[in-house]
Amino acid sequence: CWQHGTATFMILGSVCTRSCGYCNVVHGTPGAVDRTEPERLAEAVAALDLEYVVVTSVDRDDLPDGGAAVFADSIRAIRRRKPDCRIEVLIPDFSGRTRDLEWVLDAGPDVLNHNLETVERLYRSARPGGRYRLALRLLEHARRHRPGTPTKSGIMVGLGESRDEVLTALRDLRGAGCDILTIGQYLRPSIAHLPVARYYHPDEFADLKSHALGLGFGHVESGPLVRSSYHAHEQAQAFDRCAS
């Protein structure tokens, strides 16, 4: 968003080691890690004079640290080049390795984001490489390790979940200490991906937002076109106002 000086960057290549049923990123064997990427990313952030940046990645299960070092180096490089830019990281699960999560957190991101994506029952079909409880534990550990860093997560609806399952996922996220929540409609990238089971009405998104706020989330974005990076800058600002 040029108006608000925000942008999202995907690091660690364009090939993912996992094959989620909803995702359009290419699956396969990734190439070697580009160790110059953090500095080049920071140069781009500075050149674009960004105020808020989201750094995300493909899954890199081929790497011993899952790419954590590149995340950490990217955060530090942006801090050197553009100290006033706020940094949100949307991270993979690092296969549950807390030391890799801590490596990223210790670099000092402003927001730590890890998406739950869907309800527990649908993980096997939608996210076979991930685990529902592991995602929650990651957010919980982030809260314990860096209690001053807001945590964020997101889910998609329309994959065949029930309302009760969605509400359970919201309670689980809040129980893990999640501060900021996004809820959006699943849209099928191609015929090869999971079909859309149902399209939610805007009123249903409003209902889910109301329920989530009642659970104690600091900020919630809920709507058909909401995605993890949707109004990310405004989300962080709104949470700051709520927290203060």
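Please treat every number below as a calculation from the coordinates, not as lab data. This one's a predicted model, so the numbers in the text were calculated from it and none came from an experiment. Here the Cβ is made from the backbone with ideal geometry for all residues, glycine too, and neighbour counts use every protein chain on show.
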message: Cut-off 10 angstrom, C-alpha nodes, Gaussian network model of the chain. Which of Arg99, Arg143, Arg171 fluctuates the most?
response: Arg99
query: Measuring from label point to label point, each 7 Å out along Cα→Cβ, what is the Glu39 to Arg97 span in nm?
result: 2.5 nm
query: In whole Å, how far is the Cα centre of segment 54-124 from that of segment 181-216?
result: 24 Å
query: Given springs between every Cα pair under 10 Å in a Gaussian network model of the chain, which of His145, His233, His219 has the largest fluctuation?
result: His145
statement: Expected max-MSF residue from Ile91, Ile191, Ile155 in the GNM of the chain (alpha carbon, under 10 Å) is Ile191
query: In a shell of Cβ-Cβ distance under 13 Å around Gly148, excluding Gly148 itself, what net charge do Lys and Arg (+1) and Asp and Glu (-1) give?
result: -1
